[in-house]
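Quick notes on the structure that follows.
The values are calculated or read from the model by the stated rules, or taken from the named source; none is laboratory data. These numbers were taken from a predicted model, which means no experiment stands behind them. All Cβ positions, even for glycine, are placed from backbone atoms using ideal geometry, and neighbour counts span all protein chains on display.
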Amino acid sequence: MNLQNIPAVYPEGAAAQQQAAAMAQAAQAQQIAGMAQASAAAQAAMPVSHRPMRQAGRQLRSTTQLHSVVEACQTVRIACMDEEGPFIVPMSFGYDWADPEEIDADAPRLALWVHSAGVGRKVDAFNREPRVAIEMDVQDGLITGTYACAYSYAYRSIMGTGTIHHIQGIEAKRYGLTRIMQHLAPEASTDFTDQALARANIYCIDVDRFTGKQRA
């Protein structure tokens with residue numbers, strides 16, 4: 001995955017973060033080249049066709065709608081696999097987003113930044129199998145009916161698959177943590193010490209395919 005193809009989204013006037021992003025991209029150029037090869041190999045092994053959404057009328061197709069779901073969510077659920085079987089981990093996240101016209105592509109581009117402790121089940125799973133699935137959703141309220149089975153719930157959701165990459169390098173980690181803070185707490189400080197960054201465990205999920213759905 002090449003982060004240069006995913007224009008970063010910054011709060012207005014955040015020049016310092018823009019400078020940090022430029023430094024991060026330069027610092028991790030070699031690592032990103034390896035990421036691209038790993039992602040390409042993983043995608044080459046995937047089926048070339050995908051099952052269409054059964055209720056096509058509920059599919060979110062505009063980039064504005066899809067982006068609004070990502071922006072409204074505070075948690076992404078990551079499905080991964082280890083020797084005990086599949087499991088799901090909810091994690092806070094930050095993201096990079098690019099509309100198709102920005103990157104000359106057929107679909108928008110999404111990268112999710114997450115962080116965790118350096119040890120544990122999910123870390124072992126990420127290292128063992130980098131292909132993961134993701135889900136996030138927005139609860140829009142109860143839909144009432146005249147009888148029990150007529151009740152439902154309004155929501156917007158995104159589901160997808162991607163490759164998770166373990167991020168190395170101080171400036172690359174600074175960039176990832178900054179993206180997380182800008183999404184979760186945009187008014188908070190993003191001043192990280194090099195010592196803290198050296199200990200931080202940061203991942204980036206290159207989401208290569210995702211779809212949105214709405215129940216209104």
Worksheet item: If residue 103 passes every condition in (1) touching a residue at least 40 places away in the same chain (Cβ under 8 Å); (2) exposed (fewer than 12 other Cβ atoms within 10 Å of the Cβ); (3) of a type in the set (A, V, I, L, M); (4) farther than 23 Å from residue 80 by Cβ but one, which one does it miss?
Response: (2)
Worksheet item: Is the stretch 145-152 home to any residue that is surrounded by fewer than 17 Cβ atoms within 10 Å (Cβ to Cβ), of a type in the set (Ser, Thr, Tyr) and in contact (Cβ under 8 Å) with a residue 40 or more places away in the chain?
Response: yes
Worksheet item: Within the stretch 197-204, is there a residue that is loosely packed, with under 14 Cβ neighbours inside 10 Å, free of Cβ contacts under 8 Å to residues at least 40 places away in the same chain and farther than 30 Å from residue 61 by Cβ?
Response: yes
Item to complete: With the condition kept exactly as written, say whether any residue in the stretch 117-126 is under 20 Å from residue 83 (Cβ atoms), among the basic types (Lys, Arg) and either surrounded by 18 or more Cβ atoms within 10 Å (Cβ to Cβ) or more than 17 Å from the chain's Cα centre (by Cα) (or both).
Response: yes
Worksheet entry | Pair list, Cβ < 6 Å and 6+ apart or interchain, from the stretch 69-81 residues that are touching a residue at least 40 places away in the same chain (Cβ under 8 Å) to residues that are hydroxyl-bearing (Ser, Thr, Tyr) | 70/95
Practice prompt. Please indicate, with yes or no, whether at least one residue in the stretch 85-95 is touching a strand residue (DSSP E or B) at 6+ places or on another chain (Cβ under 9 Å) and at positive phi.
Written response: no
Worksheet item: Where in the stretch 59-161 are there strands (runs of 3 or more DSSP E), lying wholly inside it, with at least 3 residues that are closer than 21 Å to residue 180 by Cα, of a type in the set (A, V, I, L, M, F, W, C) and modelled with pLDDT of 95 or more?
Response: 75-82, 85-92, 109-116, 131-143
Worksheet item: Looking at the stretch 171-216, which of its residues are closer than 16 Å to residue 110 by Cα and either more than 16 Å from the chain's Cα centre (by Cα) or part of a loop (DSSP other than H, G, I, E, B) (or both)?
Response: none
Worksheet item: Within the set of pairs 6+ apart or on separate chains, which have a first residue in the stretch 118-142 that is over 24 Å from residue 211 (Cα atoms) and in contact (Cβ under 8 Å) with a residue 40 or more places away in the chain, a second that is hydroxyl-bearing (Ser, Thr, Tyr) and surrounded by fewer than 18 Cβ atoms within 10 Å (Cβ to Cβ), and C-beta atoms under 9 Å apart?
Response: 122/116; 123/116
